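The values are calculated or read from the model by the stated rules, or taken from the named source; none is laboratory data. The structure presented is a predicted model; accordingly, all values stated were derived computationally and were not measured. Cβ placement follows ideal geometry from the backbone for every residue including glycine, while neighbour counts extend to all protein chains displayed. To get the accessible areas, we keep the full protein, side chains included, count just its heavy atoms, and leave off ligands, DNA and RNA. Shrake-Rupley method; radii C 1.70, N 1.55, O 1.52, S 1.80 Å.
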Amino acid sequence: MNRFVFLFPTILLSILAQCSGNMDENAQGTLIVTIGKCLPDAADKYVYPVVPGMAEWTSVSPDEKDRLSRLPEKKLKELSTFALIQSLLEMPLLSLNYWASSNSSPLGTCDVIFSMHNSIPEFENRKNSMEALIAYFEATCLDCLPSLDVHAATQLSIQLTVLEMLFTRKKILQPLDAVQKKRVVALMLDQYKQKAENRLGVGGTLAAMAWIMYDDHYLPIRTLYENRGQSRAYFEVYQEEADYIVSSAENYIH
């Protein structure tokens with residue numbers, strides 16, 4: 001398969017950091033985009049030694065599976081911010097079985113997943129976390145969908161939902177101004193349309209957009225959810241509200 005390096009803003013930012021003397025273990029890093037692959041790879045991505053499908057995975061205890069789904073402590077500071085994002089999306093416990101067992105909303109389910117993975121505190125404390133998250137999100141490509149079987153497409157849908165939910169985290173979202181929030185919602189709106197065209201699940205995208213607009217006190221969304229009185233853990237977007245959320249998002253970004 002053909003590969004190319006995602007130049008903007010990844011390598012450019014790395015070069016600028018080197019020139020300014022700020023290149024350190026918290027560097028954003030470099031993304032490699034492979035044609036035909038849905039998600040980009042961090043150049044320094046962490047490869048989990050034991051994953052589902054291996055004989056070793058089926059033979060270990062639940063506690064050991066939890067340990068194997070975390071990063072070695074010494075790696076947390078060494079990995080680029082892109083690699084931290086990818087390590088979360090590829091954690092062995094992020095499986096269809098776990099997702100199906102949750103009775104929470106996408107936000108609530110992802111909050112549980114985030115609490116399980118030790119990359120989250122490190123990621124949220126990095127100054128470039130939002131820049132890296134946006135760049136990683138922009139580098140995703142759904143042109144890969146026709147080549148995926150049902151299981152792979154479902155797993156991708158879970159990964160994309162987790163990626164989108166990172167934008168709703170308080171430490172990530174709170175520092176953003178209205179212009180930046182609108183940019184994120186615009187990116188998600190494009191992702192939503194691509195998912196819908198390819199019949200991929202859109203519930204996570206809708207929930208993420210709604211939460212960001214809710215956090216920004218956008219009245220059409222704020223009114224909807226305040227009247228419902230739902231907590232974050234059960235922040236649902238019902239099917240009949242999808243068009244309303246999408247039209248609100250289109251108005252919000254303009």
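Give me the number: length gained by fully extending ALA178 to LYS193, i.e. 0.36 nm times residue separation minus the C-alpha to C-alpha distance, one decimal in nm. Mind showing how you got there, number by number?
On the way: separation 15, 0.36 × 15 = 5.40 nm, distance 2.26 nm.
Residue separation times 0.36 nm, minus the Cα-Cα distance, leaves 3.1 nm.
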Checklist entry - Among all the aspartates and glutamates, which ones have a C-alpha under 14 Å from LYS171's C-alpha, if same-chain residues fewer than 8 places away are not counted? => result ASP111, GLU122, GLU124, GLU131, ASP215
Item to check | Subset of LYS77/LYS170; LYS37/LYS181; LYS74/LYS127; LYS37/LYS182; LYS37/LYS195; LYS45/LYS77 violating a 18 Å alpha-carbon distance limit | outcome: LYS77/LYS170; LYS37/LYS181; LYS74/LYS127; LYS37/LYS182
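In whole percent, and with a 1.4 Å probe on the protein chains, what portion of the accessible area of the range 145-231 is carbon and sulfur?
Here it works out to 51 percent.
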Checklist outcome for this item: To the nearest 0.05, the calculated FRET efficiency linking LYS37 and GLU73 through their beta-carbon distance, R0 being 25 Å, is 0.25
Checklist outcome for this item: In terms of the alpha carbon gyration tensor, root eigenvalues a ≥ b ≥ c, rounded if a/c is under 1.5 and otherwise prolate when a/b exceeds b/c or oblate, the range 102-186 is oblate
Checklist entry - Under the Karplus relation 6.51 cos²θ - 1.76 cosθ + 1.60, θ = phi - 60°, what is the ordered set of whole-Hz ³J(HN,Hα) values for the range 202-211, x standing for Gly and Pro? => result 10, x, x, 5, 4, 5, 5, 4, 4, 5
Checklist outcome for this item: Treating only Lys and Arg (+1) and Asp and Glu (-1) as charged, each at its beta carbon, one finds that the range 117-217 has a dipole about its Cα centre, in Debye to the nearest 20, of 220 debye
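Using a 1.4 angstrom probe, figure out how much accessible area the range 110-227 has per residue, in square angstrom, rounded to the nearest whole.
That works out to 43 Å² for each residue.
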Checklist outcome for this item: Extend 7 Å from the Cα of LYS127 along its Cα-to-C-beta direction; within the range 165-186, residues with backbone N under 19 Å of that point are 171-177
